[in-house]
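The values are calculated or read from the model by the stated rules, or taken from the named source; none is laboratory data. Please read these numbers as outputs of a predicted model, since none were measured by experiment. In this analysis, Cβ positions are derived from the backbone assuming ideal geometry, glycine residues included, and neighbour counts consider all displayed protein chains.
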C-alpha cells in the first residue's frame, strides 16, 4: 500500500520557544503553495508513536527530545500534489535536549530523496494566515 491509498499514522512534535514554532517547510507543486508543519514522521508497525517521534527527530536532524507530553490525536484528510491523503497524527509537545538548536535559524535535512529545511517561525504568522500551517486543527494546540 502506498502513501495515498491507505491511512498513515504519524507522530509529530510541537516545539515552541516563546512565540516561535519549530516547523519544516514544504511545497505543493500542484497548488503552487508553500506550507509548514511540525517535524516527525511515520509510525512503523509495532512501534509506539512516542518512539517513532524520537526516531524521526534523530533521523531528520540528529536531535534528541525531552519533556515529551502527549497532546492528542488529529485526523487529517487532505489534498497534496493532486492526490487525497489521510493521516492520523499523534501529537506531542516536546523540547530539544541540545539548547544550541534554539539558536539555529534553519536546519537542512533530507526526507527520502527530498531536501528540506526546518526553521523557527513566529507563531503570529500562522495565526494571521500570512503563512499556512498544516494539518488543520494543529493551531489549537499552540
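Tell me yes or no: at least one residue of the range 48-63 is under 23 Å from residue 122 (Cα atoms) and in a strand (DSSP E or B).
no
Do you know which residues across the range 1-18 are over 16 Å from residue 56 (Cβ atoms) and either part of a strand (DSSP E or B) or at pLDDT 95 or above (or both)?
Within the range 1-18, 7, 16, 17, 18 qualify.
For residues that are on the phi > 0 side of the Ramachandran plot and out of contact with any strand residue (DSSP E or B) (no Cβ under 8 Å at 6 or more places or on another chain), scanning just the range 65-121, find the one that is modelled with the lowest pLDDT.
Initially, the range 65-121 is screened for residues on the phi > 0 side of the Ramachandran plot, giving 67, 72, 81-82, 112.
With out of contact with any strand residue (DSSP E or B) (no Cβ under 8 Å at 6 or more places or on another chain) added as a condition, the list becomes 82, 112.
On the way: 82: 86, 112: 71.
Per the criteria, the residue is 112.
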